[in-house]
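Below: one structure, written as structure tokens.
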Amino acid sequence: MEAFVIEGGHQLSGTIKPQGAKNEALQVICATLLTSDPVTIKNIPDILDVNNLIKLIQEIGVKVTRINKNDYVFQADEVNLDYLDSDAFVNKCSSLRGSVLMIGPLLGRFGRSTIAKPGGDKIGRRRLDTHFLGFKALGAKFRHDATRDVYHIETANKLKGCYMLLDEASVTGTANIIMAAVMAEGTTTVYNAACEPYIQQLCHLLNAMGANISGIASNLLTIVGVKSLHKAKHTVLPDMIEVGSFIGMAAMVGNGVRIKDVAVRHLGIIPDTFRRLGIKIKIEGNDLLIPRQPHYQIDSFIDGTIMTLSDAPWPGLTPDLLSVLLVVATQACGCVLFHQKMFESRLFFVDKLIDMRAQIILCDPHRAVVIGHDRQFRLRAGRMTSPDIRAGIALLIAALSAEGTSRIENIAQIDRGYEDIEARLNALGAHIKRVDD
């Protein structure tokens with residue numbers, strides 16, 4: 001297994017450009033299964049999770065042409081549905097959470113799909129009920145093969161549009177339901193739909209392919225079924241989670257960092273959330289400029305009570321950035337309570353930060369209080385293991401600011417979400433070395 005060796009204390013400066021959005025890429029790649037025509041997608045990030053999904057759809061018969069490092073053409077004109085029942089397909093699905101997004105388009109176009117319990121980050125229970133309830137409302141039936149822990153999903157007739165109120169605003173659940181419904185008979189109305197930029201982008205691609213989706217950017221989507229979809233071109237947005245990660249790095253160890261072409265209007269409250277920790281952020285056109293932060297003061301609420309930052313469905317704060325914000329808070333002046341509502345295991349990585357001298361109280365699996373050092377002393381280097389993508393990048397930020405040389409193992413977790421991260425950060429002045437254990 002590979003690891004990162006990080007020499008801490010080197011300031012970062014210069015310009016960095018975010019990769020394409022991982023979560024959007026996973027959705028729009030699966031959407032290409034809805035047509036036999038070629039679909040061109042640009043700005044796809046060259047990361048492990050996305051590359052594994054591309055390999056998986058190739059194995060079911062999708063033709064994939066790589067135009068350059070980040071641009072592809074997909075053509076699903078010879079899909080091998082029999083392969084969906086094979087042990088090879090099931091095993092690969094079980095190691096890749098993004099594979100769950102194949103159910104909707106396969107069901108919508110071919111009337112059947114097979115899926116194993118998907119893998120991904122070990123950050124607590126991530127149920128699929130929203131997906132399955134949505135498919136069931138459209139007329140799909142389920143059969144569970146307990147011996148292989150596989151779900152067979154199919155419909156005897158064409159899916160039929162309906163009204164549904166989702167039990168939660170699940171991003172992947174909403175995406176799957178949309179893709180299943182675009183060619184259903186009649187009109188599908190989805191209330192309490194997720195409305196993240198990823199979902200908006202998926203809807204824009206599908207409409208470019210001939211779908212009829214309205215209500216985009218709201219939590220009430222109306223999908224009028226069409227008979228077929230056709231070719232289209234699409235460009236993936238910059239990854240807002242990577243943008244937030246770079247803001248955190250620039251705040252902790254930056255000496256003036258420009259984050260270029262970030263699609264500012266799609267960042268939501270991310271910049272303002274960092275500002276609540278006292279981070280100065282300048283918006284210049286479509287760029288963010290993070291000046292050196294020798295001191296940053298955490299806000300309190302208007303009544304003087306301790307600041308609380310919690311995740312929420314869009315346009316609330318994405319849970320994927322709480323780990324980064326938490327690390328940044330360790331060097332702030334003041335206290336802040338982090339409340340991770342969606343996943344019960346995502347804060348357990350703070351034990352590693354405590355070992356690095358961070359002053360953190362882990363109240364329970366969902367809440368942690370950070371007492372900022374105000375840069376009175378630095379974190380100390382340590383040896384740690386990345387438990388998931390977002391904790392991994394947070395630990396990397398901590399190591400960049402620490403005194404001494406740190407080692408982060410299991411960096412395949414970081415590679416799942418961040419493209420060429422050590423090379424891009426080393427170009428800013430970091431000292432990160434990839435080694436093979």
Surrounding charge for K141, neighbours by C-beta under 11 angstrom, Lys/Arg +1, Asp/Glu -1, total +2
CD proxy, 222 nm, the chain: helix-only mean residue ellipticity via -39,500 (n - 2.57) per DSSP H run with n ≥ 4, per residue, nearest 500, stands at -8500 deg cm²/dmol
Subtracting the Cα-Cα distance of I354 and A217 from 0.36 nm times their residue separation yields 45.4 nm
D (µm²/s, integer) via Stokes-Einstein for the stretch 373-437, Kirkwood Rh across alpha-carbon pairs, 25 °C, 0.890 mPa s: value 199
Charge dipole of the chain built from unit charges on the beta carbon (Lys, Arg +1; Asp, Glu -1), centred at mean Cα; most positive-end Cα among C203, I408, T35 is C203
For the chain, dividing by residue count, accessible area per residue (probe 1.4 Å) in Å² works out to 38
Contact order relative to length for the stretch 335-423, counting C-alpha pairs under 8 Å separated by 6 or more residues, stands in percent at 25
Relative contact order as a percentage, the stretch 22-235, C-alpha pairs under 8 Å and 6+ apart, gives 21
Pseudo-spin-label distance K42 to D364, built 7 Å along Cα→Cβ, given in nm, is 4.9
Net charge (Lys, Arg +1; Asp, Glu -1) of residues whose beta-carbon lies under 12 Å from that of L229, L229 excluded, is +2
For the chain, the dipole about the Cα centre with charges only on Cβ (Lys and Arg +1, Asp and Glu -1), to the nearest 20 debye, works out at 360
Length gained if D167 through A423 is fully extended, taking 0.36 nm per residue and subtracting the Cα-Cα distance, is 87.9 nm
Restricting to Cα pairs under 8 Å and 6 or more apart, the percent relative contact order of the chain works out to 21
Output for the stretch 298-381: chymotrypsin sites (Phe, Trp or Tyr not before Pro) sitting in coil per DSSP, at most 15 other Cβ within 10 Å, listed by number, reads F301, F377
Cα gyration tensor of the stretch 233-339 diagonalised, 5x eigenvalues square-rooted, in angstrom largest first, produces semi-axes 23, 17, 11
Within the stretch 9-40, the residues whose backbone N lies under 18 Å from a label point placed 7 Å from the Cα of D77 along the Cα-to-Cβ direction are 32-40
Over 21 Å (Cα to Cα) among K63/K141; K17/K92; K280/K352; K42/K231; K42/K63 -> K63/K141; K17/K92; K280/K352
The stretch 1-125, Kirkwood Rh and Cα Rg, ratio Rg/Rh at 1.05
Net charge (Lys, Arg +1; Asp, Glu -1) of residues whose beta-carbon lies under 12 Å from that of G334, G334 excluded, is -1
In degrees rounded to 10, the 0-90 angle between helix 171-181 Cα long axis and the longest Cα principal axis of the chain is 20
Extension length gain for H230 and F301 (0.36 nm per residue less Cα distance), in nm, is 20.5 nm
Per the 1/(1 + (r/R0)^6) rule, R0 = 22 Å and r from the Cβ atoms of N286 and A312, FRET efficiency to 0.05 is 0.30
Whole-percent tail of the Cα-Cα distance distribution for the chain, cut at 33 Å, equals 35
Helix 197-208 sits off the longest principal axis of the Cα atoms of the chain, rounded to the nearest 10 on a 0 to 90 degree scale, by 30
Computed curve, the stretch 276-315, Cα-only Debye sum without solvent term, log₁₀ I(q)/I(0) at 0.28, 0.29, 0.30 Å⁻¹, is -0.94, -0.95, -0.96
Karplus-derived 3J(HN,Hα) from phi for the stretch 325-333 (6.51 cos²θ - 1.76 cosθ + 1.60, θ = phi - 60°), whole Hz, x at Gly and Pro, runs 4, 4, 5, 4, 5, 5, 10, 7, 9
The Rg/Rh figure for the stretch 22-235, Cα atoms and Kirkwood Rh, to two decimals is 0.93
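The values are calculated or read from the model by the stated rules, or taken from the named source; none is laboratory data. Fair warning: this is a prediction, and the values are worked out from it, not measured in the lab. Heads up, the Cβs are rebuilt from the backbone with ideal geometry, glycines too, and the neighbour counts pull from every protein chain shown. Quick note on the areas: whole protein, heavy atoms, side chains included, nothing else; ligands and nucleic acids left out. Shrake-Rupley method; radii C 1.70, N 1.55, O 1.52, S 1.80 Å.
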